[in-house]
Amino acid sequence: MPLKHCEAIVLRTYPLREADLLVTLFTRAEGKVKGVAKSAKKSRRRFGGALEPLTLVRAYWEDRERQELARIDSCDVLVSPLSDEVDYGRMVALQHIAEMLDEVMPDREANDTVFRLAWSVLQHIKAGQVLMPVTYFDLWMVRLMGFLPALDTCIACGRKLGDERAWFHALADGLVCTADKRIASSEMSLESRQLAAQIFRTPVEKMADEPWPQQKGADLRKFLMQIIDRHLDRRLKTSASLERI
């Protein structure tokens, strides 16, 4: 079969035999593609540093008849995460994006909107500046996957929340008013609800220079992670690490 090629994001690699790697790519044309990169540990000409997780590449692969795994022929680096400084926060943020895409996106299902979201967000994850792109990515992903409830309405009584206090609980979707608040609920500030609205109408690059202290959107990130964990029926491995940034 002829080689396929398109832009892709390297999500994960695993050792396979002596010199091969099992690679998971999130491709623009076909969604998540898993394949074997033969002799990837030895071939600098075909791969070089292109298989580092979260590298943006042009990937070339071949689907083999009656085989689940593709054959990854080569990858050309377009943008490398190693081209900028890597600190603990940036490493965790990159791992989180990769884990989200790998866990949430189905195999071989193209989603150009999610691909463009990830591609743009990855280019704004900088050392010391990771909370904005992570919040931006998670909010849009939850919305695009159809998991996000309305943020302006109490899910219990249906009343518009307006400027009043709003609450959320780990075991329930959506926000509620004070009258319907459950025990052990967390508050979603009006500022964070306004921040969510801003994210939905603003490209990520236009938010890149805004000051983003640690507490900004912290309740929104907690709310989003609870939604993600509930729909996956497990907690993401990067959740605890994100909380420590």
Problem - Residue check for Glu109: part of a loop (DSSP other than H, G, I, E, B) and farther than 16 Å from Gly217 by Cα - result: yes
Problem - Wholly within the range 148-245, helices (runs of 4 or more DSSP H) carrying at least 1 residues that are touching a residue at least 24 places away in the same chain (Cβ under 8 Å) and more than 20 Å from the chain's Cα centre (by Cα) - result: 190-201
Fill in the blank from the handout: The condition of being open to solvent by 10 Å² or more (accessible area, probe 1.4 Å), of a type outside the set (A, V, I, L, M) and touching a residue at least 24 places away in the same chain (Cβ under 8 Å) holds, among Arg58, Arg17, only for Arg58
Problem - Filter pass, Arg45 being open to solvent by 40 Å² or more (accessible area, probe 1.4 Å), in a loop (DSSP other than H, G, I, E, B) and touching a Lys or Arg at 6+ places or on another chain (Cβ under 9 Å) - result: no
Problem - In the range 104-117, the residues that are surrounded by 15 or more Cβ atoms within 10 Å (Cβ to Cβ) and within 19 Å of Lys237 (Cα to Cα) - result: Val104, Met105
Fill in the blank from the handout: When (1) under 20 Å from Asp229 (Cβ atoms); (2) out of contact with any Gly (no Cβ under 8 Å at 6 or more places or on another chain); (3) modelled with pLDDT of 95 or more are applied to Ile155, the one that fails is (2)
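The values are calculated or read from the model by the stated rules, or taken from the named source; none is laboratory data. Note that this is a predicted model, so its numbers are computed, not measured. In this analysis, Cβ positions are derived from the backbone assuming ideal geometry, glycine residues included, and neighbour counts consider all displayed protein chains. Calculation scope for accessible area: heavy atoms of the full protein, side chains included, ligands and nucleic acids excluded. Shrake-Rupley method; radii C 1.70, N 1.55, O 1.52, S 1.80 Å.
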